Amino acid sequence: LGAVMPYSIMRCYSPSLSVNNTAIGYLTQSCERTNVRSPGHAEAAIITEAIIDRVAATHNVHSQVVREANFLSSDAALIKPYSKSMYTFPGLYKKMMAVGATSTNGKEDGWASRINSTIDFNKQHVGGRYKKGAAVVPFEYPVGGGQYSAMVVVLPDGSVAVHHSGVEMGQGLVIKSLQAANQELSRVLHQLCEGASDEHGNPKQMSTLPMSLFQSAGNSSHVLPKHGITGGSTSSEGSVDAVVEAAKKIADMLEPFVCMLFGSEVDAPEDDDIVSTTATAEDDVLGEYASLAHTTGASNNNSTKRQLQLLRSQLRRGEFETHTLWARLVALANSMGAHLTATAMNGEDSGSSDYSIYCVGGAEVTVDTYTGAVVVDRVDIMYDAGRSLNPAVDIGQIEGAFIMGLGYVLTEENAHHDTTTGGEVSGGSTWNYKVPSIRELPTQFNVQLMSPGDLDRWLLVNRDVVAASKEDGVKKEDEEVTTQATTASKSNGGKGLVMSSKATGEPPLCIAPCLLSAVRQAVMSSRVDKDLGGYPAISVPYTPDKVVRACGAM
């Protein structure tokens, strides 16, 4: 785990709540485990929340009281300058406690009330078999960028091949890369749309290019030899950033041809008549590609100019569909020798990709104190993914990461033989090693990404805080917030973020300790009923045998 774990302990909490987090190495008889997701960060989150719960038990209060008393403020020294204005955690937590990640029948379903309900349930069932627990935990995940490259190729028929250096392993890297290329190249069509009208004389609304035109060409090192590893939750955004940079270069290559289509001095032809024209600025552009056009067997300048005139006439009449217009534009560029291929590295335009991700997870559980069985009644997750490139993909990543964390903290016991037999793994099959099944999944599982509106409002408010322009009694009206939100998000939410998005691969696993804290609340209630004391010392994972012993039933 190296220096990652001590670095991540107590993130999202005040510097005053500090621990001796010096990294120490130990030799063990067990084999080394493979780092898969959030190595070090997940363990740091488990340790952090265990400390919070132990402090709360010592003072005989709910752990949420201790958490709220020690949250990191937006002007705390530990927040780096680049992330101060994007410290969205307070907004996430406030919304989670007030209304939760979803609403039931339009009613507020916040976690403040849910926590109180579990406390009331336990008071009403003193000495009872079933106990409930609930907790809401935060996590801040620091992200640093890797090195990724991409190549975008526009083929003569208008189809687009996207080469990316990241490896697709189910995290949605390919679809996000194709979406990014589509979004960037479609802006060329939006330029063409200016001045075009439909048959009724209304401005023509141009849609984005069909996704069917875009195909992933894979990640061969023969094509893109310079790139980093696929890991650290940044592969998708790093690849997307490189694709965007390459697509921008393609869009720039096509801009001269867009200018030709709307040159003011060349009149549109009538029917099939050849229109004679005088020299214009577009002749300079034609001349620039003349040598390339001849070497590729393209038509001469006069026939190419006629093609421009016909294309312009049809465009102004709004006769082209998106696909056809794009194909004609690409054909025009190719006929004049344009080489519509570009490569790029991530970070060429966006700069540093260092930033922090904030997420909040709430869990409510029911513990059978006779058997140690844990039923996860509900899990809510609120996550700041910035402006998600693909919400469906990101929510799937969040759900998958959390369930992976659920298995880590509740079911997956990595048992070993004793030292006399070499410390080998004893649970080598699913008979002994229990991955989560459908029975372990939360009965109700809600994931909500921070909405663009909430993000804009919070960035604007936080920008004012960071600027130290705090004025007592001054409160911005909603209209002012709305009108200034875009400016705030660009100035504070854009630096270092790829298309204003954030990673989603690993951070959600780090809020799985909300399950542990919820189980501890239930177990502590059972222990208090039996005069066994408060805080239970249970090693992770919280398997039924450990839970039932902690409850004092064995």
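Using a simple spin-label model with pseudo-atoms 7 Å out from Cα toward Cβ, LYS249 and ASN70 lie 5.0 nm apart.
Would you mind counting up the charge near ALA385? Only other residues with Cβ under 10 Å from its Cβ, with Lys and Arg at +1 and Asp and Glu at -1.
Details: positive: ARG387, LYS502; negative: ASP384, ASP394.
Here the charged neighbours net out to 0.
Under the combined filter of DSSP loop state and at most 12 neighbouring Cβ atoms within 10 Å, the stretch 97-180 retains none of its chymotrypsin sites (Phe, Trp or Tyr not before Pro).
On the beta carbon distance between ASP545 and ALA392, with R0 = 51 Å, the FRET formula returns roughly 0.85. For a test of the definition: using alpha carbon positions, the gyration tensor, and the 1.5 limit on a/c, classify the stretch 340-411 as rounded, prolate or oblate. The shape class here is prolate.
Label-to-label distance, SER221 versus THR371, with points set 7 angstrom from Cα along the beta-carbon direction: 5.2 nm.
Taken together, the values in this text are just the output of simple stated rules run on the coordinates, not laboratory data. Remember, it's a predicted structure, so these values are computed and weren't measured experimentally. We place every Cβ from the backbone using ideal geometry, glycine too, and count neighbours over all the protein chains shown.
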